[in-house]
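Structure record follows, encoded as structure tokens.
The values are calculated or read from the model by the stated rules, or taken from the named source; none is laboratory data. Everything quoted here is computed from the prediction, not taken from an experiment. Here the Cβ positions follow ideal geometry from the backbone for every residue, glycine too, while neighbour counts run over all protein chains shown. Side chains included, ligands, DNA and RNA excluded: accessible areas come from the protein's heavy atoms. Shrake-Rupley method; radii C 1.70, N 1.55, O 1.52, S 1.80 Å.
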Amino acid sequence: MMLHVENLQVYYGAIHALKGVSFHLDKGEVVALIGANGAGKSTVLKTISGLLRPREGSVTFEGQVLEEVPPQDIVRKGVIHVPEGRKIFPRMTVTENLEMGAYIHADRAAINRDMESVFERFPRLKERRNQLGGTLSGGEQQMLAIGRGLMAHPSLLLLDEPSMGLSPLLVEQIFDIIQDINEQGTSILLVEQNAQMALAIADRAYVLETGKIVMQGTGDDLLQDSSVIEAYLGGH
Amino acid sequence: MDKPISTSTHNKLRLERYIRTAIGIVISAFLFWRIYNVVVLQQHFGADTWVRFGLSGLILGGMYALIAIGYTLVYGIMFMINFAHGEVMMLGAFGGYFTFEILRFIPAPTTASPDLNFLNANPFLSVLLAFVVGITISATAGFYLEKIAYRPLRNAPRLILLITAIGASTILQNLAMLLFGPQRKNVVNPDVLDRAAGWVINVGGNDVLISYTGVFSLVLSTLLMIGLFILVQRTKLGRAMRAVAQDKNTAFLMGVDVNDVVSKTFIISGALAGAAGVMWSIHMGLVNHFTGFLPGIKAFTAAVMGGIGNIPGAMLGGILLGVIEAIGPAGMGIDFQLKDVIAFSILVLVLIVRPSGILGEKLSEEKL
Ligand SMILES: Nc1ncnc2c1ncn2[C@@H]1O[C@H](COP(=O)(O)OP(=O)(O)OP(=O)(O)O)[C@@H](O)[C@H]1O
Ligand SMILES: [Mg+2]
């Protein structure tokens, strides 16, 4: 088991956001976490990456307990969180944003090679390399956010709604890219509102509802499940 | 997500903008008329006086700029005004003063001049030492200021931080008074850097002295500003500082040790203020516990004027304020004692007419 989350209880002040969330992810998997607005999906990712601390429960990554580790050190263990809303540094250029992604690395030559491979994957970013992050379109920002995540050499990539606000064509593209990243050896925990797409590429998936996991199964199983279809796939 | 702005608030904002612009135009017109009257019509002062004023304004402005950068860096990263920053500068000024005092009492006799002391035997080394000592003291003060006073309040409301900063300022000032006594101390420079020594140029038939200490200060503050700019724009630490300023949580997700970056920001701010303090000692020649107070507030004004959070803005604001303050009283034909009033009038005006400063952008809601 690469990632093991056990009985997470997370609060925002008095708001009880996660009420005992447990799940796991094996090396090489794409695991999807789906659920409605406010279900607590982002909260799960923020707790894994250390931005939030659980009041109870544990996060174990490759045998190491994470919940006491500060976020900047969790990054160094290979857990990279691409946050909801892209969170590009608006007043840094595309290149500088990518450099920030490689912040934990020192080998200049390797960083330059990684940047070239990001540019190969996202040629659009290469054209815009000297443009400020804040002036990019939503799709370009998403590419930059994923590229910036890749610069860190993730072994586990936490993606929070990568398809949010993108045109159907771009959503297709982003999911292709996610699959490709996974095929090259990176495990992926994917949070999505676009359940259809997420379940289609996920090995396994969990359904989160108001802070609890209410269902789990393989991506295909959940795609067939009538209650999932009812609640998240627009019901037929 | 953006909150939709209702039409009535929208109209109110527009009205406000008109009022600001109107006030701005009225004041500019008045100032223009006044300055035109005094400078062009009355011709009270000759060209040499203006050159002299302008020069001393530039020199002072360079020091303001160095201090202002500290306000802006810290604001950018923590959204707080570090009102103890002037005191950090004062400690640096004392560092310079005491270095010279100590070196003056170390004998360094030669056969030609048996009474020679270290200060005059090695003037350049002495100045270098003064800067090393002053900068070290101020950088250390900045570091501990953040660590002891501000870090425990990282998640407290902004107002509490502000009050703490004012408290820290008072404590440092009184500590310096207790340690060094309240009287003003004359800073004795090496003889080659005598404050009355310099190049003399002729302007419109009159001599104008360009003092060595002034030129030295101006050149050094310019170099330090260039250095800071390179640090912020081109180095990994600079990128991390900008990342923390733009989005702290995302900086964490990149692996940035935010506490460490905040500490380093205070060290850099302190170092620049320390350099300004030593310049103050060398060029102005008087220090006491109160030395940091006015330059501190004026540098704050300069930072607001340039757009708080904006580094080139702080530099520009500092230089501008120094010059305005130096030529302002003569230009408007008012008493020279009123030069401090000019700085604070500018602060009030900027806050009314253009709160975002000259180079600043409107603060996003997310930041406020
Ligand atoms: N900073 C915060 N302060 C207080 N409550 C919060 C905060 N962030 C999230 N919450 C609450 O915690 C719950 C879970 O939020 P979370 O952002 O994890 O949901 P989500 O599943 O990611 O939703 P979405 O699909 O809209 O992104 C929600 O009820 C939300 O209102
Ligand atoms: Mg979310």
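Things worth noting here:
- Near A:Gly35, the amide H atoms lying under 5 Å from its own belong to A:Glu192, A:Leu208; only residues 5 or more places off or on other chains count, and H is placed 1.01 Å from N.
- Local electrostatic count, A:Gly217, Cβ distance below 11 Å [Lys/Arg +1, Asp/Glu -1]: -3
- Chains B and A together bury some 2000 Å² of accessible area, summed over both sides, with a 1.4 Å probe.
- Formal net charge of residues neighbouring A:Ile74 (Cβ-Cβ distance under 15 Å; K, R +1; D, E -1): -1
- Dipole axis of region B:54-303 (+1 Lys, Arg; -1 Asp, Glu on Cβ), positive-most option in B:Gln246, B:Thr170, B:Met89: B:Gln246
- When the Cα positions of A:Val207, B:Ser356, B:Asn288 are compared along the charge dipole of the protein assembly as shown, B:Asn288 comes out farthest toward the positive end, with charges on each C-beta of Lys, Arg, Asp and Glu.
- Region B:174-224: translational diffusion in µm²/s, Stokes-Einstein, Kirkwood Rh over Cα pairs, 37 °C, 0.692 mPa s: 240 µm²/s
- With the convex hull of the Cα atoms taken as the outline of region B:85-148, the averaged projected area works out to 4.3 nm².
- Taking the 1.4 Å solvent-accessible surface of chain A as the whole, the part contributed by carbon and sulfur is 48%.
- Calculated accessible area for chain B comes out at 49 Å² per residue, all protein chains present (probe 1.4 Å; ligands, DNA, RNA ignored).
- Dividing the convex hull volume of the alpha-carbon atoms in region A:3-232 by its residue count gives 120 Å³ per residue.
- DSSP-defined antiparallel bridges as percent of all bridges, chain A, nearest 5: 55 percent
- Whole-angstrom gap from region B:11-36 to region A:114-169, using each part's C-alpha centre: 45 Å
- For region A:161-167, the Karplus equation 6.51 cos²θ - 1.76 cosθ + 1.60, evaluated at θ = phi - 60°, returns couplings of 6, x, 8, 4, x, 9, 5 Hz by residue, with Gly and Pro reported as x.
- Convex hull volume per residue for region B:214-334, taking Cα atoms only, in Å³: 118 Å³
- Relative contact order (%) - criterion: Cα under 8 Å, at least six apart; region: chain A: 27 percent
- Around A:Tyr11: net Lys/Arg minus Asp/Glu count, Cβ-Cβ under 15 Å: +3
- Amide H to amide H distances under 5 Å link A:Arg91 with A:Gly134, where only residues 5 or more positions off or on other chains count and H is placed in the peptide plane.
- The helix-only estimate of mean residue ellipticity at 222 nm for chain B, built from DSSP H runs of length n ≥ 4 each weighted as -39500 (n - 2.57), is -23000 deg cm²/dmol after division by the residue total.
- Rg in Å to one decimal, and Dmax rounded to a whole Å, for region A:90-150 via C-alpha atoms: 10.5, 31
- Ranking by accessible area, most exposed first, for B:Ile297, B:Ile102 with a 1.4 Å probe: B:Ile102, B:Ile297
- Peptide A:75-83, shielding by other chains (average Cβ, 10 Å cutoff): 2
- Long-range tail of P(r) for the protein assembly as shown (Cα pairs > 47 Å, %): 30 percent
- Calculated SAXS-style log₁₀ I(q)/I(0) at q = 0.14 Å⁻¹ - chain B, Debye, Cα scatterers: -1.22
- Over all directions, the projected convex hull of the C-alpha atoms in region B:58-191 averages 9.6 nm² in area.
- Note on chain B: GNM, Cα springs under 10 Å; of B:Ala314, B:Ala251, B:Ala68, the largest mean-square fluctuation is that of B:Ala251.
- Percent antiparallel among DSSP beta bridges (both partners in the protein assembly as shown, rounded to 5): 60 percent
- Averaged over peptide A:62-74, the number of partner chain Cβ atoms lying within 10 Å of each residue's Cβ comes to 2.
- Shown in residue order for region B:176-193 are the 3J(HN,Hα) couplings computed by the Karplus curve 6.51 cos²θ - 1.76 cosθ + 1.60 at θ = phi - 60°: 5, 5, 5, 6, 10, x, x, 6, 6, 10, 7, 8, 9, 7, x, 4, 5, 9 Hz (x for Gly and Pro).
- When all alpha carbon pairs of region B:114-267 are counted in 10 Å bins from zero, the resulting P(r) reads 8, 23, 28, 23, 13, 4, 0 %.
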